[in-house]
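Structure first, then comments.
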Amino acid sequence: MRRHARRGEASREVSVPSERGADVGRRIGVGLMYGLWRPRVLGSWKVPATGPVILAVNHSHNIDGPMVMGVAPRPVHFLIKREAFVGPLDPFLTGIGQLKVDRHSADRTAITQALDVLSNGGVLGIFPEGTRGEGDFASLRAGLAYFAVRSGAPIVPVAVLGSSEKRGRLLKGLPPLRHRVDVVFGDPFDAGDGSGRRTRTALDEATERIQKQLTEHLENARRLTGR
């Protein structure tokens, strides 16, 4: 399925991410995550059952995205750095509805696809820190605020804990086999102030509100899980 680009993007066409593909990705993720590790999922019922939703996920290990994709109650379309789309992973990730994004520029194709996911009532997954780091939501980029304010979709904070605390013996880049990884979903919240403003000031204010909510959720998740 294809659609014409939004106004101002010439006549370029942008493919709409596959909802069916994302559901296949979820099924694959379920098998891999529960087969290799021991996910403990808390609060998944807080994710709205229908309508557009943004999952804001902390990011300290490469398995965080696949983990959330596998345990989330709905299929998720993640914004993933384009560097991950190499070799056979390119058609595979695209086929399961994931979005390729250039982190070093204003990637209009990725922006359009992400907004299409939300306008079609889907679930968009974002690592708001922009890259893998400490996973503490300490440094947020403005992209999350833009998508939330532009679409009006609620944000559900997601804390992935335990994915980076130990290294496996066989595959040192991954957690040990059967290691417990906690995924804690938080209460949905709106990023905007209700005014509908999309100015730079409004986005900066929304980013501050988002960071406060995400940080509080991470602290609560750590207390809840003892991590």
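All of the numbers you see were taken from the coordinates with simple rules; none came from a lab. Not measured: the values here are computed from a predicted model. Positions of Cβ are generated from backbone atoms using ideal geometry, with glycine treated the same way; all protein chains shown enter the neighbour counts.
In table form, for the structure just shown:
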{"read-out": "Listed peptides 193-202, 85-94 by packing density, highest first (mean Cβ within 10 Å)", "value": "85-94, 193-202"}
{"read-out": "Most positive-pole-ward Cα, ILE126, ALA142, MET33, against dipole of the chain from beta carbon charges", "value": "MET33"}
{"read-out": "Exposure proxy order (Cβ contacts within 10 Å, fewest to most) of ARG141, ARG178", "value": "ARG178, ARG141"}
{"read-out": "Three-way shape call for region 16-144 based on the alpha-carbon gyration tensor, with the a/c threshold at 1.5", "value": "rounded"}
{"read-out": "Around LEU89: net Lys/Arg minus Asp/Glu count, Cβ-Cβ under 15 Å", "value": "+1"}
{"read-out": "Separation between Cα centres of region 22-51 and region 148-227, rounded to whole Å", "value": "16 Å"}
{"read-out": "Exposure proxy ranking, count of Cβ atoms within 10 Å, fewest first, for VAL16, VAL71", "value": "VAL16, VAL71"}
{"read-out": "Derived scalar couplings ³J(HN,Hα) [region 150-158; Karplus, 6.51 cos²θ - 1.76 cosθ + 1.60; whole Hz; x for Gly, Pro]", "value": "5, 8, x, 6, x, 9, 10, x, 10"}
{"read-out": "Förster radius 22 Å - calculated FRET efficiency between GLU83 and ALA142 (Cβ-Cβ, nearest 0.05)", "value": "0.55"}
{"read-out": "For peptides 116-122, 40-46, 152-158, sequence by mean Cβ density within 10 Å, most packed first", "value": "152-158, 116-122, 40-46"}
{"read-out": "Highest average packing first - 179-185, 72-78, 102-108, Cβ atoms within 10 Å", "value": "72-78, 179-185, 102-108"}
{"read-out": "Neighbour-count order for THR50, THR109, fewest beta carbons within 10 angstrom listed first", "value": "THR50, THR109"}
{"read-out": "For the chain, convex hull volume per residue from C-alpha positions, Å³", "value": "123 Å³"}
